[in-house]
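The next block holds one structure in the form of structure tokens; read it before the comments.
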Amino acid sequence: MDHSQASEITSTLVESLEHWEEELNLPKGFSTRADSNTNPTNTTLESAKHWFFEHNRPPKQNFWPALIIAFIAQAEAVLKEENRITISDVFEAVQTGTKQRRTVVNSLNFITSTDKQISLRPLYNDAEQIIRVKLRREHPSSPAHATQAWRDYQDLIVLIYRMNPSERSQFARLIWDRGVVDAPQRTFATKARRIIRPFEKVLIDFDTRNAKPGGALFQSLVFGYFLADSPNLTLESHSVNTGSSRASMPGDVAGFRGAEVELVVEVKDQALTEDNIASILSDFLEDIAQAPNATAVVVADTIDEMSHLELRKRNVIALSRSELTERTITWDLPKQQEALRGALYYLHRIQKKARLAHRLEEFLETNQIERGITFYENNQSE
């Protein structure tokens, strides 16, 4: 993992309640309200603390941090709408239910004297999102269950509305510190590096150029690819200098089922462009006309958009080296190794160039790629 990834994962999260006020639907400046001078042994705040820590908090309801923060946000909104600082008994003073049905529903909704509905659920959803996702704290994801449990907190809700503004701020900071800041942090998979598999690695990094005969290394990879990807076909090929007509087979790689040709592949270790496609592929396009039911494929180092379109019109699948690589990303390890075996088989037994086979083997050893392969005797033919 590089330094930027490490710093992103371990960077310090801003945990203060003040930082999250707006997203928690609390008024600006809520968490920094001045403490009141009320006798600390006889305040509504102390009663709420007693209810929460020593007496009535429902057991096994681990969603309490987001739920109580949502109760406080809802209280701030109701009090603002009612133009009041405190309410002695909110359930007597403010209507509960919905505008459509003025009875208590599963979640806690208040309908103010201004006919505004202030619902608990969206406030809870926002609080849970911040706690679970943005602050990565362990917290249940159960909004429906949590907001339906409001009746278990009815006495605490009454106390929240009885608190003065400073007490509500102090209580919120207490809940935030105990329920959020002190909660264990969740571990997320972030930018873990994906391990590149062997044949994919070869397609990405192995240099198939600057080796004679030209095109042999690339053709070996294409042969290996289709050997692994078409296990139901008998695959044949020829050395790059032979030519398809002399080898009495269509294309550079062909797949047979019995005597019927099912797959025809032309391989070009060069760029295919609108300007050269006609001259480079003329013989191949004539050959596949004799096998209309075969799947025809052209594999080249790069293929421009116009060449893709032209080949598609002729029912030919065009694959660049990068497109071939993308197809191998989903392959499991045995299939990747089967493609490597196919490439080495081609170089040893079809092209019969030990020097080229050694070049591929050296790349595999340098990159510590396990071939899962049986030993081929070196063919010294050059």
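The values are calculated or read from the model by the stated rules, or taken from the named source; none is laboratory data. The model shown is predicted, which means the values in this text are computed figures rather than measured ones. When we count neighbours, we look across all protein chains shown, and the Cβ atoms used for this are built from the backbone with ideal geometry, even at glycine.
Of these, Val104, Val94, Val78, which one is modelled with pLDDT of 90 or more, farther than 30 Å from Glu15 by Cβ and touching a strand residue (DSSP E or B) at 6+ places or on another chain (Cβ under 6 Å)?
Result of the check over Val104, Val94, Val78: Val94.
Evaluate the following for Ser36: is it assigned by TED's automatic domain parsing to the domain that holds Ala144, among the small types (Gly, Ala, Ser) and either at pLDDT 90 or above or within 22 Å of Val133 (Cα to Cα) (or both)?
Judged against the criteria, Ser36 is not a match.
Can you name the number of the only condition in (1) surrounded by fewer than 15 Cβ atoms within 10 Å (Cβ to Cβ); (2) among the hydrophobic types (A, V, I, L, M, F, W, C); (3) in contact (Cβ under 8 Å) with a residue 60 or more places away in the chain; (4) closer than 22 Å to Glu236 by Cα that Ile350 fails?
Among (1) surrounded by fewer than 15 Cβ atoms within 10 Å (Cβ to Cβ); (2) among the hydrophobic types (A, V, I, L, M, F, W, C); (3) in contact (Cβ under 8 Å) with a residue 60 or more places away in the chain; (4) closer than 22 Å to Glu236 by Cα, the lone unmet condition for Ile350 is (1).
For the stretch 59-70, give me each residue that is touching a helix residue (DSSP H, G or I) at 6+ places or on another chain (Cβ under 6 Å) and either not assigned by TED's automatic domain parsing to the domain that holds Glu128 or not in a helix (DSSP H, G or I) (or both).
Phe63
If we keep just the residues of the stretch 116-134 that are hydrophobic (A, V, I, L, M, F, W, C) and part of a helix (DSSP H, G or I), which is surrounded by the fewest Cβ atoms within 10 Å (Cβ to Cβ)? First the steps, then the outcome.
Narrowing the stretch 116-134 to residues hydrophobic (A, V, I, L, M, F, W, C): 118, 120, 123, 127, 130-131, 133.
Now restrict to residues that are part of a helix (DSSP H, G or I): 120, 123, 127, 130-131, 133.
On the way: Leu120: 22, Leu123: 25, Ala127: 30, Ile130: 19, Ile131: 24, Val133: 13.
Checking each candidate, the answer is Val133.
Here is a list: Ala357, Ala339. Which entry is part of a helix (DSSP H, G or I), in the same structural domain as Phe218 (by TED's automatic domain parsing) and either closer than 16 Å to Asp229 by Cα or of a type in the set (D, E, K, R) (or both)?
Ala339
Tell me, yes or no, whether the stretch 252-274 has at least one residue that is basic (Lys, Arg), surrounded by 15 or more Cβ atoms within 10 Å (Cβ to Cβ) and assigned by TED's automatic domain parsing to the domain that holds Leu340.
Yes, the stretch 252-274 has at least one match.
Within the stretch 284-306, work out how many residues are surrounded by 14 or more Cβ atoms within 10 Å (Cβ to Cβ), touching an Asp or Glu at 6+ places or on another chain (Cβ under 6 Å) and either in a helix (DSSP H, G or I) or of a type in the set (Phe, Trp, Tyr) (or both).
Total meeting the criteria: 1.
Within the stretch 135-253, which helices (runs of 4 or more DSSP H) (wholly inside it) include 3 or more residues that are at pLDDT 90 or above?
The helices (runs of 4 or more DSSP H) meeting that bar are 143-148, 154-162, 165-176, 198-205, 216-229.
Only residues that are touching a residue at least 12 places away in the same chain (Cβ under 8 Å) and over 24 Å from Lys212 (Cα atoms): list them for the stretch 245-259, please.
Selection gives Gly255, Phe256, Arg257.
If you check Ser322 against the conditions, is it within 30 Å of the chain's Cα centre (by Cα), surrounded by fewer than 18 Cβ atoms within 10 Å (Cβ to Cβ) and not basic (Lys, Arg)?
yes
Can you tell me which residue in the stretch 134-166 is farthest from Phe71 (Cα to Cα), limited to those that are basic (Lys, Arg) and touching a helix residue (DSSP H, G or I) at 6+ places or on another chain (Cβ under 6 Å)?
Only one residue tops the list, namely Arg137.
Kindly list, by first and then second residue, each pair from a residue in the stretch 2-27 that is assigned by TED's automatic domain parsing to the domain that holds Val133 and under 19 Å from Gln129 (Cβ atoms) to a residue that is among the basic types (Lys, Arg) and modelled with pLDDT of 85 or more, limited to pairs with Cβ atoms under 6 Å and residues at least 6 apart or on different chains.
Close Cβ pairs satisfying both conditions: Leu17/Arg173.
In the stretch 71-89, how many are more than 19 Å from Ser166 (Cβ to Cβ), in a helix (DSSP H, G or I) and in contact (Cβ under 8 Å) with a residue 60 or more places away in the chain?
Going through the stretch 71-89 one residue at a time, the tally reaches 0.
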